[in-house]
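The values are calculated or read from the model by the stated rules, or taken from the named source; none is laboratory data. Note that the structure is predicted; figures quoted are calculated from it, not measured. A quick note on method: Cβ atoms are made from the backbone with ideal geometry, for glycine too, and the neighbour counts reach across all protein chains shown.
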Amino acid sequence: MADRQGKIKKASSKAGESIKHGVGRTKQAAKSAATYTKIRVTGIFPNSLAFLSTTELLKWSESITHSAASVYDKALDAEYLKSHIGGGNHRMFDGGHDLVSAWGAAEDASNDDSLQQEVIGYTSALWKDLTTERGLPFVTWSKDHYDASAEWLSSVVPIASKSWFYDLMSFDVFELLSTSLGVAGMVYALSKDDKERLSEMLGSMGVISIMSANPLMGIATVLCAAHSYAIKKNELDKGKLATGAGIAGLSVTIFGILGLPILIELGIVLVVTRLIKNATVDHRQFLLIMKKRVALLPNMRPATGKAYEKLKVNFSNLAILNNDVSI
């Protein structure tokens, strides 16, 4: 009887050890999976935002939403059709394309339409414009005031140009999408008190909002950083902030200069990001290496001239943001 009880006790002990060992391995696997997921998410995050900031996507969306002009489209463009004010940038000046003015134009488009038709016409007209490269203005500007402001900003801010200023004063569908994606990621990081992930996201969003002139993303980044510091009492990780900024800046630069099909560029960006993430790269050292590579481009074949100028501008933007090196 005693032998039987001893065998039962021994078997129970072994079973308990096996269960304990299995639980331990499960926890370790879960921890590894979480770490792997974190690396993947923080690596893909800046690539995704940079991808959504490319003009090729807007060309694609415009080709999908393009259709014959409706009475509501013509109502929004009424001033431009009469005076041709602003040319290709007329939405900024014609008083028919900011959200409030557009509704007034849609209401006056027809005398015999219903409220439902006006709402549908208003939404459809704005949606078609929102999916184009020019997007929609936040407010309507007077042309003289706009030109003076663009000229002044271009003269005092190194990364600014007139086209950059136009982009800053307008928004499009992919800016809304990328900002929403960024906010969702930051809210998740805040909810988990993940300082490293949040810092890297803030770095990525800060750089992309400036290089792509996306004020919505810029405002969201500032508000989230303020919330983290003032309310959560979390100090940002400067190393992760620089990593996120560097990868985002590199991603935007690659998308901006290669001129390849956008999906091929996306593949290159993902590969380059993975190589950088898997190595220990000091962000200042990385910028210095980039500076040397850019400096070599003018000595290459003439076809690289335009690419050199574009890369020089993008690299200078990235260097200014990191306060490290100039070119």
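Odds and ends about this structure:
- Some residue of segment 161-173 being of a type in the set (Lys, Arg), touching a helix residue (DSSP H, G or I) at 6+ places or on another chain (Cβ under 6 Å), closer than 26 Å to LYS59 by Cβ and outside the structural domain of TRP103 (by TED's automatic domain parsing): yes
- Of the numbered criteria (1) assigned to a helix (DSSP H, G or I); (2) closer than 24 Å to TRP164 by Cβ; (3) polar (S, T, N, Q), the one THR140 fails is (1).
- Members of segment 236-266 found to be of a type in the set (A, V, I, L, M, F, W, C) and over 19 Å from THR54 (Cβ atoms), listed by number: LEU236, LEU241, ALA242
- Looking across segment 223-273, the residues that are of a type in the set (Lys, Arg) and farther than 14 Å from MET205 by Cβ come down to LYS232, LYS233, LYS238.
- Qualifying residue in segment 140-161 (condition: surrounded by 13 or more Cβ atoms within 10 Å (Cβ to Cβ), in contact with a strand residue (DSSP E or B) (Cβ under 7 Å, 6 or more places away or on another chain) and basic (Lys, Arg)): no
- Restricting ALA242, ALA226 to residues that are under 30 Å from LEU176 (Cα atoms), at pLDDT 80 or above and surrounded by fewer than 16 Cβ atoms within 10 Å (Cβ to Cβ) narrows the list to ALA226.
- Among the criteria (1) at pLDDT 90 or above; (2) exposed (fewer than 14 other Cβ atoms within 10 Å of the Cβ), the one GLY185 does not fulfil is (2).
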